[in-house]
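To keep things clear, I will list the structure first and then write my remarks on it.
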Amino acid sequence: MQNECWGIILAAGQGSRMAEATGGEAKQFLRWKGAPLWWQSALAMAASPRIHGLVFVFPAERRKEAEAELRQLDRAHSLGVRLAVAEGGARRQDSVRHGLEALPPSCSRVLVHDSARPFLSTALVSRLVAPLDAQPGLCGVIPGLAVTDTIKEVDEDGIVTNTPARALLRAVQTPQAFPVEELRMAHARAEAEGWNVTDDASLMEQCELPVLVIEGDADNIKITNPQDLAMLKENKTLLPCCGYGYDVHAYGGDRPLVLGGVEIGGDFLIKAHSDGDVLLHALMDAILGCLAAGDIGHLFPDNDPKFDGISSVVLLDHVMGMAAEAGLRLCHVDLTVIAQKPKLAPHADSIRRNVARLLDLPLDHVAFKATTEEKLGFTGELKGLKAVALVSAVR
Ligand code: CTP
Ligand code: MG
C-alpha cells in the first residue's frame, strides 16, 4: 500500500538532566506499567487507525536488547502495525534522520515522537494527521499550547533582551507530523548547512516551509527533570467491584449435604459431580464474577474425573489463589441458601464461621441467610435446593 503513515519513536537520548535521579538510566528505559517507558508511546500511536507502522530509534549500544524486548512486548500485546528499528545518533536530529532512513518506500507521512512523552493520547495522533491530508502544501502539523507565563529572551549574563508577545507564543510538543519527502529534504539541508535544532518543525521553518500548530494536549508532558518522575507514580487506586453467583443442586443423589464446607448430613442426599456444596459453588461464581474470569463450570468441568467427589473447599482455594494473583481483595460476602428442607437455622452460625475462615474475612463481613420458597417451585417440592452469593471486593 502506498501513502502510508508511520511513527518514529525516539528513544536514543541520554536523559542527562535526570541521570542523577535515575541512577544513570536513560529516562525512556525506566520501567512503567510493566514495560519500558518507550512502550507507552507505541501503544498510543499504534492504536490510531491512521498509523501503519512504527520505527523505534534505540541507542546503538542497546539496540539488540531493546529490539528483543520490543518483539516480546508485541507478542504479548500486539500493536497490530509493522515495526522497524534504527540506531540513534549523537543529537536528537541525528536520531530522527536514522529513523527516516528506516521508513519503507510506501510511507509518505511520518509522525516524529519523543518517547519521553509517555502520556500521548491516540486522539492527538489522529488530530495531527487530519490537517496534513486535508491541506495540500502544508509541510508540518505540530501540537502546541498557549503559554501562561510571560516568556523573556535573555543574553548569556541573564540580562533580558526581548519579551515576545505572549499571545503569539506556543509551547510545542511531539508528535510532529510531516510529509516524508519534505522532512528528509530538510534534514539533508540541516546536515549540509550545519543547523542544530531541538525539534523537526524548526527545520521546516528554516527551509521556509509552512507548519501548522494545532491545539496540543496539556497531559502530553515530556519527562525531563527529576521532579517529573513523580508523574510516573503508578495509579494504585483501588477500584470497587462486585460479583454475583447462583447455583442449584437436585436432591436424590448420593452425596451427603454439605453447605459452606460444613457437613449438614440428614436425609437429603445431593446429585453432584463434586461434593455438591451449592453454597460454595455460588460463592466461587461470585468471586469469579469480580474477576470477570468465567465460571466454575468452565474452570472445573463436571465431565473431568479429577473433580469427581472433590471437596468444594479445595476448588474455593484455587479460586482464592486466582483472586490473589489478580490483586482482588474481598470486602464482604452475603450468602443465601433457598431450601424447603432441611432446616438450616441450627447450622447458620457454623456455616458463617467456616466461610469467614475460608475467605480470611472478619466474621462481621460474612452474612449467611436461609429461606424457603413457601413450598412453591422446585425447592418447595423438595426436588433440590439453591444458593445465591453476592461478593464485594476491591481491585
Ligand atoms: N533523543 C534521541 N536521540 C538523541 C537525543 C534525544 O532519540 N541523540 C530522544 C530522547 O530519547 C527523547 C527525545 O529525543 O525521547 C527528546 O529529547 P530530550 O527530552 O532532550 O531527551 P534526552 O536528550 O534523552 O534528555 P537530556 O536532554 O536531559 O539529556
Ligand atoms: Mg536532549
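Assorted remarks:
- Residues within the range 204-230 that are assigned to a helix (DSSP H, G or I) and more than 16 Å from ligand 2 (Cβ to nearest atom), tallied: 6
- Positions within the range 262-281 being within 39 Å of the chain's Cα centre (by Cα) and open to solvent by 30 Å² or more (accessible area, probe 1.4 Å), in sequence order: His273
- When the criteria are applied in full, Val258 fails the requirement of being within 40 Å of the chain's Cα centre (by Cα), within 19 Å of Ile338 (Cβ to Cβ), hydrophobic (A, V, I, L, M, F, W, C) and surrounded by 13 or more Cβ atoms within 10 Å (Cβ to Cβ).
- Tabulated pairs, the range 9-29, first in the same structural domain as Trp39 (by TED's automatic domain parsing), second outside any loop (DSSP other than H, G, I, E, B) and within 12 Å of ligand 2 (Cβ to nearest atom), C-beta under 6 angstrom, 6+ apart or interchain: Leu10/Ser95; Leu10/Asp114; Ala11/Gln28; Ala12/Ser95; Gly15/Lys27; Met18/Lys27
- Some residue of the range 81-88 being open to solvent by 50 Å² or more (accessible area, probe 1.4 Å) and not hydrophobic (A, V, I, L, M, F, W, C): yes
- Some residue of the range 100-107 being open to solvent by less than 10 Å² (accessible area, probe 1.4 Å), within 16 Å of Ala190 (Cβ to Cβ) and modelled with pLDDT of 95 or more: yes
- For beta carbons closer than 8 Å, sequence separation of 6+ or different chains, a first residue in the range 51-64 that is without any contact (Cβ under 8 Å) to a residue 24 or more places away in the chain and among the β-branched types (Val, Ile, Thr) and a second that is within 12 Å of ligand 1 (Cβ to nearest atom) and not in a helix (DSSP H, G or I), there are no qualifying pairs.
- Residue in the range 182-200 that is under 20 Å from Lys222 (Cα atoms), within 16 Å of ligand 2 (Cβ to nearest atom) and assigned to a helix (DSSP H, G or I) present: yes
- Answer from Asp133, Asp157 - the residue that is on the phi < 0 side of the Ramachandran plot, open to solvent by 40 Å² or more (accessible area, probe 1.4 Å), part of a helix (DSSP H, G or I) and assigned by TED's automatic domain parsing to the domain that holds Val55: Asp133
- Among the residues making up the range 1-59, those that are within 17 Å of Thr174 (Cβ to Cβ) and part of a helix (DSSP H, G or I) are Lys27, Gln28, Trp38, Trp39, Gln40, Ser41, Ala42, Leu43, Ala44, Met45, Ala46.
- Those residues of the range 295-316 which are open to solvent by 50 Å² or more (accessible area, probe 1.4 Å) and assigned to a loop (DSSP other than H, G, I, E, B), in sequence order: Asp295, Asp302, Asn303, Asp308
- For the range 1-19, the count of residues that are of a type in the set (D, E, K, R), surrounded by fewer than 15 Cβ atoms within 10 Å (Cβ to Cβ) and within 11 Å of ligand 1 (Cβ to nearest atom) is at least one.
- Filter pass, Glu65 being open to solvent by 40 Å² or more (accessible area, probe 1.4 Å), touching a Pro at 6+ places or on another chain (Cβ under 7 Å) and more than 16 Å from ligand 2 (Cβ to nearest atom): no
- Every listed requirement among (1) touching a Phe, Trp or Tyr at 6+ places or on another chain (Cβ under 8 Å); (2) farther than 27 Å from Lys233 by Cβ is met by Pro118 save one, (2).
- Yes/no for Ser95 being assigned by TED's automatic domain parsing to the domain that holds Ala130, open to solvent by less than 50 Å² (accessible area, probe 1.4 Å) and out of contact with any strand residue (DSSP E or B) (no Cβ under 6 Å at 6 or more places or on another chain): no
- Among the residues making up the range 190-227, those that are under 37 Å from the mean Cα position of the chain (by Cα) and either free of Cβ contacts under 8 Å to residues at least 24 places away in the same chain or not assigned by TED's automatic domain parsing to the domain that holds Val125 (or both) are Ser202, Gln227.
- Residue that is farthest from Val314 (Cα to Cα) [pool: residues in the range 345-368 that are of a type in the set (D, E, K, R) and assigned to a helix (DSSP H, G or I)]: Asp364
The values are calculated or read from the model by the stated rules, or taken from the named source; none is laboratory data. Keep in mind the model is a prediction, meaning the values are calculated, not measured. Virtual Cβ from ideal backbone geometry, glycine too; neighbours counted across all protein chains shown. Surface areas here come from the heavy atoms of the whole protein model, side chains and all, with no ligands, DNA or RNA. Shrake-Rupley method; radii C 1.70, N 1.55, O 1.52, S 1.80 Å.
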